[in-house]
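Below is one structure, written out as structure tokens; comments come after it.
The values are calculated or read from the model by the stated rules, or taken from the named source; none is laboratory data. Source: prediction; values computed, not measured. When we count neighbours, we look across all protein chains shown, and the Cβ atoms used for this are built from the backbone with ideal geometry, even at glycine. Calculation scope for accessible area: heavy atoms of the full protein, side chains included, ligands and nucleic acids excluded. Shrake-Rupley method; radii C 1.70, N 1.55, O 1.52, S 1.80 Å.
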Amino acid sequence: DYKRYTKKLLSQLEYKKVESLNNKEWHEFFLTDIFPVIQRGKRLTKDNQISGDTPYISSTASTNGVDNFIGNDKNVRIFSDCLTIANSGSVGATFYHPYKFIGSDHITNLKNRNFNKYIYLFISTLASRLSEKYNFNREINDKRISREKIMLPINEKNEPDFEYMEQYMKNTMYKKINQYLNYLENK
């Protein structure tokens, strides 16, 4: 089953040679310039959570931020296909969520409708570096996140090179899946 699944994933990826990260030129960009939608989740105490199937994303640094599975559908904020950054707790923990989820007030949703999972995954790694700047006593609030910048590779127009980011992540996944298949074949 694993072999069949990974071969299917591999068939969906095309490896194309790209410039190395070290050779790319990089510039700083405000998060607000990259993500037109930046919105904090909404508070929902444990006592008010109804058991269900929808992931509840909070500020944990493990399990992709999933804190619980709930069935609430009123007075909640529902997001999908976006990044989340933990505002408190594991401050700066950043994850990509391709699925529908409910966001707690301990996370901020970062969304750009033009991004795909590869671009989100690339940026996720860079955004998670905010954890070096913040801690439990110095949380990320709405004002601070509006001033945050991250470094991104740029194209010849000095704009973020999203095509490069996408292909870089596809290449990374292609290599890792091939390594995994080789491991299974030689096992």
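Couple of notes before you dig in:
- With respect to the conditions (1) touching a Leu at 6+ places or on another chain (Cβ under 6 Å); (2) open to solvent by 10 Å² or more (accessible area, probe 1.4 Å); (3) within 30 Å of Tyr2 (Cα to Cα), Lys175 falls short on a single one, namely (1).
- Odd one out for Ser20, checked against (1) surrounded by fewer than 18 Cβ atoms within 10 Å (Cβ to Cβ); (2) under 28 Å from Asn155 (Cα atoms); (3) in contact (Cβ under 8 Å) with a residue 60 or more places away in the chain; (4) not aliphatic (A, V, I, L, M): (3)
- Strands (runs of 3 or more DSSP E) lying entirely in region 81-187 (those with 2 or more residues that are in contact with a helix residue (DSSP H, G or I) (Cβ under 7 Å, 6 or more places away or on another chain)): 82-86, 94-97, 107-111, 149-153
- Members of region 103-151 that are in contact with a Leu (Cβ under 8 Å, 6 or more places away or on another chain), open to solvent by less than 20 Å² (accessible area, probe 1.4 Å), without any contact (Cβ under 8 Å) to a residue 60 or more places away in the chain and not aromatic (Phe, Trp, Tyr): Ser124, Ile140
- When restricted to residues that are open to solvent by less than 50 Å² (accessible area, probe 1.4 Å) and of a type outside the set (Lys, Arg), region 152-171 contains 12.
- On the stretch given as region 88-102, residues that are modelled with pLDDT of 95 or more, open to solvent by less than 30 Å² (accessible area, probe 1.4 Å) and either among the small types (Gly, Ala, Ser) or over 18 Å from Ile119 (Cα atoms) (or both) total 2.
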